[in-house]
Structure formats: structure tokens, C-alpha cells
Amino acid sequence: MSVISLKEPEVAIREVRLGSITGFEGTAGELVQCARTGKLQDNARQFSQCMGCSSGNAFCQLSMIQDAVVVNHAPVGCAGDVFGFNFVYRVGQMERNLPPVIGRYFNTNIEEQDTIFGATQKLEDTIREAYTRVKPKAIFITTSCASGIIGDDVEGVANALTEELGIPVVACFCEGFKSKIWTTGFDSAYHAIVRKIVKPPLKKSNKVNIINFWGSHIFDDLLKPLGYEPDYIVPFSTVGQLERISEAVATIQVCPTLGSYLGAALEQVYGVPEIKAPPAYGLRGTDNWLRELGRVLDREDQIETLINKEHARVLPLLGDYRKQLEGKTAYITAGAAHGHALIALLRELGMTVQGAAIFHHDPLYDNGDTASDALAHAVNTYGDIANYNVCNKQAYELVNILNRVRPDIMIARHGGMTLWGAKLGIPTLLIGDEHFSFGYQGLLNYAERILETLDNKEFVTNLAKHSTMPYTKWWLEQNPFHFLGRNVHVEVY
Ligand code: SF4
């Protein structure tokens, strides 16, 4: 279990804090076994194409707080992803009937001479300008490789401006170069929130924190009949709302890869219990998760009634879907916990999971509880998964593997990965809303979308005919793990 210290301005990166890795090939069962026995080792790649950045992940959580501002203390290029979040923010506002506002994002434009003379003056000026223009309730400063390397005293500026402006000005340390695991950026954002925004509880509320991206509000129908109110955090929350999350009765993780740190911090610092069962994907996963929720919320009888009712509704429909999907094969590429959830879900639908390229692996989450291990749950419930690759979005590995596996469908979690399936003529499904597949209804939703995608194979067949592949025959004939640490001989496809 990682020990949360709010005295430290920075949270340690996942490699150090949790022992997380980005390079592995083998079976999912082997990975779980290595993690349990302390034998997990990262296999470094000799060649790397691209990666995400912690700063972007911190931004994705902080940028949609309705009355806060984000100042990105960085060269302007680091803010290149801002427009994408602005788009998600506007769409989310429409879905939630919120007033249309553009994101309040600023960048300090660190230039070459600033890397010699320092850029704290620019940072102070930008914060004052942001405050004058927007009058936010809080300002978050996200750091960058440049600000980290030159050693700007960002914490000092944040503390001085907090006093001057009378609102929390909070440093969020998320320099991209520090970690190969970009989800470290989520931890940085949450550390900033718990350290400087969340207040000690005055009373217990009837709220349940839902740590999520910006998914649909599916928890309303579950929690309200139980007498509880969902509090969707962090995107689309307000600073005032975040101040009170310490008063909640429980915390739900939609994806522990996302909320590992925040869930553990709220439990350790303020005693808010975290639902530690793996998220509710697949029939058995949903049963387990609901029972754990019922136990924590003291609603066990109501939950048993709900499980029985839902089984009666869903099982006959599920049987039909299983018949249609029997024998179909799938390959998954996704972030860790959501990837594990998708494995469980596809197995539940009777499909064969031929393998997965999962962006990183946390041997345990911050709560240190093996009960939260979603991959172990998938392996123990549905059997081992061959060709399990931990791969931080290295497209060259993915393309090589896909070309060998040739599944009936590829399931992707991130938009940038779907084109590779299409180029190879493999139907590819991308679902941005991770709540779409949550719970019993999620199984039916997903089955329907898979069938629709498989029905439309001709679309990708035509795309493949008219597209080119940047990878040569030489590479496609190599062992896909040629550059992964050691040269492993693979004959599993
Ligand atoms: S913080 Fe570093 S890794 Fe992230 S976008 Fe900027 S330069 Fe790139």
C-alpha cells in the first residue's frame, strides 16, 4: 500500500510508488503471478516510437473543473492537446445541460532564453492575467519537462500567489520526462486536489464519489433507490463540490487505473471507504462489485434483490448474444484496468480473446489490496489469456501482432490506435464512454455494438484496399518483441 503524504508537493511516479511497468510479453496469468511473487520486471525497449505525457493526463482531469483555470507552465507546444480537451468539454456541457463556455486554459510560453534565466516571472504574470480575466475559484499550474529541467520554483510561486489572490493556486507536478507511464499524470492532478482543495469533513453526506472521466450518468439509477446521491468527479465538478468529497460515504472507481491514487488518498486521509472489488464488467464481475457496494453502503438485502431481478432480465438476452458471437475472435488494446475489464466482458460474451496490448501494468493499486486486481479477476474467472503484451502504445509492435493474429474484431480504447486495425482490414470498435459497458446492461450494450461492427466489415475491407502501410515486409516478418528487452522467440500465433 502506498502511504499518502499531503505534506509533499509531488507524488512519486508509478514506477517508484507501485512498481508499475510498460514492457512485458507472455500470458496474463504469468504477469499476475510475477506481480504477486515480487518478480515483476520491466523489459525496456531498445526502440520507442511515441508515448503519452503525464502533463496531458493531469490536464484531462483538471481542465474540466467548471470554475477553475489551468495554467500550463511550458513551451507552447506542450499545450498542443488543449483544443481536444476543449472539444470534449463543450460536448460534455451539452450532454449535461451546462451553459456553453470554452475552457479556461493558459500557457506561459517558455522560450529558449527562459530556460537560461528562468520563467517564474512569466508564470506569475500569467496567473495574475488569468485571475483578472476569469476570476476563477482556483488556479492549477501544470508543469512541463522544460519547467522541471530548469528548476523553476513553481511551489514557491503557487504559495505566494495563493496569498496574493486569496484563492487556491495549486502546483501540479506532472513533467512528461519523469515517467514512462502517463497515468502518473492522473495521480499528480489528484494529489494537487487532495493537498490544496479538499477540506476536512464537517459531517457525513449521503454522497458517493464516482471517480470517472466524463462518462454517462449511469450511477443515478443505481444509487438513488438506495438512498444515496452520486457525485461525479473530477471533470464537470466545481471547486466547491471537490472541497466536500471528504464527506462522502464511499468512493466508486470506474477505472482504478484512473482513480487509484484519489480513492486511496480519500480513504487514508479522510476515512472514505473505497469499493475495492474490480469494476462491474461482465456478469460475475458485476455480481461481485454490487455485493461489495451493498456491504460498504449497508444495503446488502436491496442489492441481492437487484441482482436477482437483473439476472432474470439479462440472462435470456445474453444467451442470444452468446450464440451469435460464439467462435468470434478479438484483440484488445487499452489502458490497464479498462483493458482488463474488456477481457472479462468479451469472455462473458463467449468470444475468444486472442491477446491484448495493454498500456502499462500496476502490480497493485495504491490501496495495496489484491481484491482490486482486475486482471487476476479476469484470469481466475475466465482462464488465462495468451499473447498478453504490456505495450505503451508502440504502434510498430501492435501492427506486427495484429498482422499475425488477424482477429475478427479489434477493440481499442484510444482513438489513435484504431487506424491500424482499419489499415489491415480488421473491423475495429472504439467506445469512448467507459460507462457504456459497465454493469449488466453494459454487457448487452457492448454485444450489440460488436455485432454492428462485425456486420460492417466491408467498410474496413475497402479502406484496407485503398490505404498504405508504413511498415515494411522486413518488420512484419520480425518477432513482434524484437526490440523488447531481450529477444524472445514467439510461436504462439
Ligand atoms: S511536458 Fe514534456 S513530454 Fe509532455 S508535451 Fe511537454 S515536452 Fe512533451
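Values quoted throughout were computed directly from the atomic coordinates according to the rules given, and no laboratory measurement underlies them. Here the structure is a predicted model, which means the values were calculated and not measured. FYI the Cβ positions are ideal-geometry reconstructions off the backbone, even for glycines, and counts take in every protein chain you see.
Restricting the calculation to Cα atoms, every distinct pair contributes to the Kirkwood radius of the chain, found to be 23.5 Å.
Using the eigenvalues of the Cα gyration tensor, what equivalent ellipsoid semi-axes result for segment 387-493 when each is taken as the square root of five times the eigenvalue, whole Å, largest first? Don't skip to the answer; put the middle values down first.
Working: eigenvalues 141, 65, 26 Å².
So the equivalent ellipsoid measures 27, 18, 11 Å along its semi-axes.
For segment 185-336, the mean projected area of the C-alpha convex hull, equal to one quarter of the hull surface, is 10.1 nm². Work out the charge dipole of the chain with +1 on the Cβ of Lys and Arg and -1 on the Cβ of Asp and Glu about the Cα centre, then indicate which of T37, M410, F459 is farthest towards its positive end. Selected residue: F459. Normalised by the number of residues in segment 344-488, the average gap of Cα pairs under 8 Å and 6 or more apart makes the relative contact order 21 percent. Divided by 2.2 N^0.38 Å, where N counts the residues, the Cα radius of gyration of segment 331-423 comes to 1.06. Quick one: go through segment 247-272 and flag any residue whose amide nitrogen is under 20 Å from the point 7 Å out along the Cα-to-Cβ line of A371. Only 248-272 pass the distance filter.
Within segment 159-254, which trypsin sites (Lys or Arg not before Pro) sit in a loop by DSSP and count at most 14 neighbouring Cβ atoms inside 10 Å?
Working: sites: K178, K180, R195, K196, K203, K204, K207, R244; in loops: K180, K203, K204, R244.
Qualifying residues, ordered by number: K203, K204.
Can you tell me the order of 208-217, 380-389 when each peptide is scored by its average per-residue count of other Cβ atoms within 10 angstrom, highest first? Numbers along the way, then the final one.
Values: 208-217: 21.8, 380-389: 18.5.
Ranked from most to least packed, the peptides come out as 208-217, 380-389.
Considering every alpha-carbon pair of segment 52-196, the percent of pairs per 5 Å bin, from zero through the bin containing the longest distance, is 2, 11, 21, 24, 22, 14, 5, 2, 0, 0.
So for each of 127-135, 11-19 I average, over its residues, the number of other beta carbons within 10 Å; can you give me the resulting order with the highest mean first? Walk me through the numbers before you get to the answer.
Values: 127-135: 15.1, 11-19: 20.1.
Highest to lowest by the protection proxy: 11-19, 127-135.
Size check on segment 62-128: the Cα extents along the three principal axes, sorted descending, read 46, 22, 14 Å. Please enumerate, by chain and number, the lysines with C-alpha under 27 Å from the C-alpha of K178, excluding those fewer than 8 residues away in the same chain. List returned: K7, K39, K122, K196, K393. Modelled spin-label separation between I307 and E229, with each label point placed 7 Å from Cα along the Cα-to-Cβ direction: 2.9 nm.
Applying D = kT/(6 pi eta Rh) to segment 280-325, where Rh is the Kirkwood radius over alpha-carbon pairs, T corresponds to 25 °C and eta to 0.890 mPa s, the Stokes-Einstein value obtained is 218 µm²/s.
Show me the GluC sites (Glu not before Pro) within segment 289-328 that DSSP assigns to loop and that have at most 11 other Cβ atoms within 10 Å of their Cβ.
On the way: sites: E292, E300, E304, E310, E326; in loops: E326.
When the GluC sites (Glu not before Pro) of segment 289-328 are filtered for loop state and at most 11 Cβ neighbours within 10 Å, E326 remain.
Counting only DSSP beta bridges with both residues in the chain, tell me the antiparallel percent, nearest 5. Don't skip to the end; give the middle numbers.
On the way: 6 of 44 bridges.
Among the beta bridges of the chain, antiparallel pairing accounts for roughly 15 percent.
Cross-link list K423/K473; K328/K423; K199/K276; K328/K457; K180/K423: which exceed 18 angstrom alpha carbon to alpha carbon?
On the way: K423/K473 15 Å; K328/K423 20 Å; K199/K276 24 Å; K328/K457 13 Å; K180/K423 27 Å.
From K423/K473; K328/K423; K199/K276; K328/K457; K180/K423, over 18 Å: K328/K423; K199/K276; K180/K423.
Over the residues of the chain, the helix contribution to mean residue ellipticity at 222 nm works out to -13500 deg cm²/dmol, using -39500 (n - 2.57) for each DSSP H run of at least 4.
Ellipsoid fit via the Cα gyration tensor, segment 320-477: semi-axes of 25, 20, 13 Å, each the root of five times an eigenvalue, largest first.
Please state the equivalent ellipsoid semi-axes for segment 116-194: what are the square roots of 5 times the Cα gyration tensor eigenvalues, largest first, in whole Å?
Gyration-tensor ellipsoid for segment 116-194: 22, 16, 10 Å.
Annotation: lysines with alpha-carbon distance below 19 angstrom to K309 (same-chain offsets under eight excluded): K224. Computed on the Cα atoms alone, the convex hull of segment 1-124 gives a volume of 210 cubic angstrom per residue.
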